[in-house]
Amino acid sequence: MFESTPSRRASDEAVFAARVEELERKKSAIAAEQARIITEWDDARRAAEAARGVPAVKRGKGLASEIALARHDSPNQGGRHLGVARALVHEMPHTLAALDAGTLSEWRATLIVRESACLSVEHRRALDAELCGDQASLEGKGNKRIEADAKAIAYRLDPQAVVDRAVRAESERTVTIRPAPDAMTWVTALLPMAKGVACYAALKKAADTTCDQRGRGQVMADTFVERITGRPAEVPVPVAVNVVLTDETLFGGDRVPAQVPGYGPVPAAVARRLIGNALADLRSRATLRRLYRHPRSGALVAMESRARLFPKGLALFIDLRDDTCRTPYCDAPIRHHDHADPSARGGPTSAVNGLGECEACNYAKEAPGWRVRASTDENGCHTAEFTTPTGACYSSKAPPLPPRMDIVRGSDVEEALGIRLLFPAA
């Protein structure tokens, strides 16, 4: 009979802890090996293209997207992986050695590379030696400490380069949005420090001077909305939002979630409340577009055009069908509507041959050796197969629409909601 004693349990847990730490160090060593392989891949690709007479500025085009696919990551991350690998292998041997030994994690090595990006090669190597030459000095340092140390050394080596980088960073100011749980979103503004602090201080001041039943964060959020939209937070904003839902969800109280392109599923009750609020406001102009589905799979039916560019109706159709960029592992918003089989080779401007893609992925697949083939199966499910210059093949399927999207009779909708129907072009 096995007896579990306190000493034995402690011994087992010590083994578990040692094993977890061992695996963590192996993860870092694997990341170092990936960096070496990526660099060899980049060198081999550029050498082969140079031998074919490809101009230097065009060599390596599309490789970052191939790296991303191989790592099951987004194309944006693929570019980061390539840049970090080249810096580690060619310019920062001590950081690479620390990563290989498991002293640094992949992300901490990335932070060091990022903070030294503004330096010359000579100064970058000096930072590498000072920060990572003694691996024992890295033990126990977290992400913020590693980042702060790298910044301090970079500023000491070349203050002007750090200042110039900060000035250039202002040109990268932007606003982004991404989904949050429970039908919420994060709206993020990347601003120069002074302006960002001023914005937060203004919202904080509004919260400090408002006394009602709302919490502090709620007042700040409502003030944020009011000052950007120019109207009270509870008043609907006149911006079009596509909500795809079944007739049962809209009229029958069904629980099948709705879909908001670019966001994802929305609980049925939330979708009905959003639509109800829009219809109750006389200043809102709500319309209902009827979508037809395949009888078994629910996939949207095809549309086609003779135009070289995708007409507005067909582009909207592709946006609703694809939701986000169709390149595997890329969740970026759709910016381009492109032909899987290029129109220059006779590819039709159709829903089957059309793909919703982000700008980077659209340009990446224009590199030599890339091929994309789009098709629909017997259930109407749209599939795109991406083949890279190495012959690797990756498949992407259009996300499923809400189930049971039956055809709604126009007269019933108009009578129930008092709004006009829009029909997609045949």
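The values are calculated or read from the model by the stated rules, or taken from the named source; none is laboratory data. Bear in mind that the values here come from a model prediction, so they are computed numbers and not experimental data. Note that each Cβ is placed from the backbone with ideal geometry, even for glycine, and that neighbours are counted across all protein chains shown.
Worth a mention:
- Answer residue from region 222-268, given it is in contact with an Asp or Glu (Cβ under 8 Å, 6 or more places away or on another chain) and β-branched (Val, Ile, Thr) and is modelled with the lowest pLDDT among those: Val235
- Candidates Gly83, Gly79, Gly102, Gly133 - the one that is surrounded by fewer than 21 Cβ atoms within 10 Å (Cβ to Cβ) and over 31 Å from the mean Cα position of the chain (by Cα): Gly133
- So Gly60, is it out of contact with any Pro (no Cβ under 8 Å at 6 or more places or on another chain), of a type outside the set (D, E, K, R) and assigned to a loop (DSSP other than H, G, I, E, B): yes
For (1) within 23 Å of Glu91 (Cα to Cα); (2) within 29 Å of the chain's Cα centre (by Cα); (3) surrounded by 15 or more Cβ atoms within 10 Å (Cβ to Cβ), each residue gets a yes or a no:
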| site | (1), (2), (3) |
| --- | --- |
| Leu119 | yes, yes, yes |
| Ile153 | yes, no, yes |
| Ala161 | yes, no, yes |
| Pro179 | no, yes, yes |
| Met184 | no, yes, no |
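- Residue in region 148-168 that is closer than 30 Å to Arg25 by Cβ, touching a residue at least 24 places away in the same chain (Cβ under 8 Å), among the small types (Gly, Ala, Ser) and not assigned by TED's automatic domain parsing to the domain that holds Gln259 present: yes
- Residue within region 210-217 that is farther than 24 Å from Arg321 by Cα, at pLDDT 75 or above and in a helix (DSSP H, G or I) present: yes
- Scanning region 32-56 for residues that are assigned to a helix (DSSP H, G or I), of a type in the set (D, E, K, R) and exposed (fewer than 14 other Cβ atoms within 10 Å of the Cβ) gives Glu33, Glu40.
- Being outside the structural domain of Ala101 (by TED's automatic domain parsing), under 30 Å from Leu119 (Cα atoms) and not small (Gly, Ala, Ser) is true of Leu190.
- Just one of the listed residues (Ala271, Ala286) is surrounded by 15 or more Cβ atoms within 10 Å (Cβ to Cβ), modelled with pLDDT of 55 or more and not in a helix (DSSP H, G or I), and it is Ala286.
- Elements of type helices (runs of 4 or more DSSP H) in region 93-137, at least 1 residues being more than 21 Å from Val162 (Cβ to Cβ) and assigned by TED's automatic domain parsing to the domain that holds Ala31: 93-101, 106-115
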